[in-house]
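Structure record follows, encoded as structure tokens.
Rule-based calculations on the coordinates, nothing more; no lab input. Everything quoted here is computed from the prediction, not taken from an experiment. Positions of Cβ are generated from backbone atoms using ideal geometry, with glycine treated the same way; all protein chains shown enter the neighbour counts.
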Amino acid sequence: MDDIEAELNLSDVNDSSEDERILRNIKSGSLPRLAHLPSTNARSKETGFHKSARLCLKAIRDAMLHHRWQEAARYLAAYSQTLEETTRGRQTVACEIIWRLGTEILQHHPNSQLEDFNALYERMKNSGVKNYAKICLEHSFHLLLNGNFNDAKRQLSVAASWKYGKYSASQSMELKLIHAYCGFLDYFIWCTKKSSGISSDANTSRDMHSYFRQASVTLQEIITQPGVWDPFVLSYVDMLEFYNDQEGALKVLQNYAYNKDYPSNPNAHVYLYQFLKRHKAPPAKLMSTLKVLHCLVPSHELMLEYCSLLLTSEEEQDKLDCLAIAMNLLDYPSWKYDLNAWCSLLKVLKFLKQKRLRHLIFKEWEKRRHLWLVMHYRTCHGKKDCEENGKLLLVKAKVSKILGESGRGYNRFVCKRERFKCLFY
């Protein structure tokens with residue numbers, strides 16, 4: 001709503017007596033009509049119709065903010081008269097407002113049906129040529145959510161072949177996306193066929209392969225263009241793996257992750273790692289993939305697996321990197337109370353201690369000692385962990401002991417907890 005307010009200066013509207021009179025006029029019927037009233041302010045260039053439209057939009061906003069969806073729908077029916085506006089700029093804005101607000105209202109309206117959505121989308125496509133491709137794409141999404149695969153594909157096919165003068169060039173990105181979702185929908189149908197089983201029905205097998213060819217041609221064309229294509233890449237890789245083309249799937253994922261023409265995308269490295277892990281790749285390949293991911297997102301949950309892999313290495317530098325990565329995770333507030341992250345750190349510390357590499361521990365500890373004593377080991381943290389997560393309290397206490405900080409006030413809560421357990425067990 002903020003964008004609409006900025007577009008039409010709704011934030012500057014004052015509830016004058018004239019405004020209230022126009023609003024009462026709009027509210028007068030069960031299906032309100034906009035009031036074509038002359039402007040009483042000689043200094044204003046705003047006509048009575050435009051003022052009524054502005055106030056009606058304000059009423060829609062207020063009804064939506066208070067979740068009065070039926071009232072908002074009645075006002076929107078009145079506001080739709082702005083589609084008859086002869087000024088091209090105003091009509092374009094009105095069409096986009098009705099499209100976006102209309103779908104939001106129907107999503108929440110207690111009596112809305114699929115036919116209502118279809119009617120809104122069809123009217124907006126005929127009224128707002130500039131947004132035709134976008135509206136078709138959104139319409140297909142709504143049909144997909146309701147399980148109407150054939151209707152959704154029909155919408156995408158119509159949108160993919162749409163042309164309208166100068167707008168066709170400016171909407172090349174939308175048309176490219178529509179083309180991608182045509183392939184994505186073929187993939188969905190292929191998945192449906194796959195779940196029904198191919199061994200028992202030769203026709204199903206032929207249908208599956210037909211949809212595979214259609215989807216693979218489209219998806220391959222899309223993902224070879226630089227961009228972020230996560231769902232399309234995963235779909236294509238899934239089909240390649242099903243037909244045992246592991247080499248082709250690996251090439252797709254490697255290109256998606258390492259091609260410098262593509263934008264930086266941590267998900268690309270996650271997908272590559274998951275593929276390599278599924279196919280039992282050697283630890284060195286797994287570590288090299290996670291190393292790049294660590295550079296992009298050092299707080300990623302896969303860093304726990306990265307630590308486990310680094311512990312298997314014979315290189316001392318890898319051991320030091322393992323400790324740094326485990327401790328880096330706990331520098332982030334989102335990991336502060338995560339038991340798995342603390343257990344991973346404890347495992348690393350125990351391993352280094354067993355290998356007589358305590359110098360590596362203290363080297364890394366000195367870098368963050370001041371931060372961690374404040375962030376993790378204050379008395380208030382001990383009290384919170386003692387009350388809410390006893391396992392976390394014990395693990396953190398063991399970590400502090402290895403780090404040479406067992407005399408801190410935090411550790412008193414471990415003794416307190418043990419005494420409490422002795423009283424009741």
* To do: Using only Cα atoms, locate the centre of segment 268-331 and the centre of segment 107-154, then give the distance between them in Å, rounded to an integer.
  => 44 Å
* To do: Classify segment 291-355 as rounded, prolate or oblate from the Cα gyration tensor: take a ≥ b ≥ c as the square roots of its eigenvalues, call it rounded if a/c is under 1.5, otherwise prolate when a/b beats b/c and oblate if not.
  => oblate
* At a Cα cut-off below 21 Å, give the lysines reachable from residue 383, other chains included and same-chain residues fewer than 8 away excluded. => 336, 391, 396, 398, 401, 416, 421
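In segment 261-335, which trypsin sites (Lys or Arg not before Pro) fall in coil by DSSP and have 12 or fewer other Cβ atoms within 10 Å? It would help to have the intermediate numbers written out before the result.
On the way: sites: 277, 278, 280, 285, 291, 319; in loops: 280.
Sites meeting the loop and neighbour criteria: 280.
Based on the alpha-carbon gyration tensor of segment 67-142 and its eigenvalue square roots a ≥ b ≥ c, which shape applies: rounded if a/c is under 1.5, prolate if not and a/b is larger than b/c, or oblate?
In terms of gyration-tensor shape, oblate.
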* Select from 243, 214, 320 the residue farthest towards the positive end of the dipole of segment 190-333; place +1 on Cβ of Lys and Arg, -1 on Cβ of Asp and Glu, and compute about the Cα centre. => 214
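Rounded to the nearest 0.05, what FRET efficiency do residue 369 and residue 309 have when you use their Cβ-Cβ distance and R0 = 22 Å? Numbers along the way, then the final one.
Working: r = 27 Å, r/R0 = 1.23.
For residue 369 and residue 309, the calculated efficiency is 0.20.
For residue 357 and residue 224, what is the calculated FRET efficiency with R₀ set at 41 Å and r taken between the beta-carbons, to the nearest 0.05? Display every interim value, and only then the final one.
On the way: r = 47 Å, r/R0 = 1.14.
That pair, residue 357 with residue 224, gives E of 0.30.
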* Asked: What relative contact order, as a whole-number percentage, does segment 67-146 give when Cα pairs under 8 Å and 6 or more residues apart are counted?
  -> 26 percent
* **Contour minus Cα-Cα distance for residue 119 and residue 301 (0.36 nm per residue)** => 61.0 nm
* Asked: In whole Å, how far is the Cα centre of segment 334-394 from that of segment 52-97?
  -> 57 Å
* Which of 337, 294, 413 sits farthest toward the positive end of the charge dipole of segment 268-425, with +1 on the Cβ of Lys and Arg and -1 on the Cβ of Asp and Glu? -> 413
* Whole-Hz couplings from phi, Karplus 6.51/-1.76/1.60, listed for segment 304-310; x for Gly and Pro -> 5, 5, 4, 4, 4, 5, 5
* Kindly state, to the nearest 0.05, the FRET efficiency for residue 210 paired with residue 104, given R0 = 51 Å and r defined as their beta-carbon distance. => 0.85
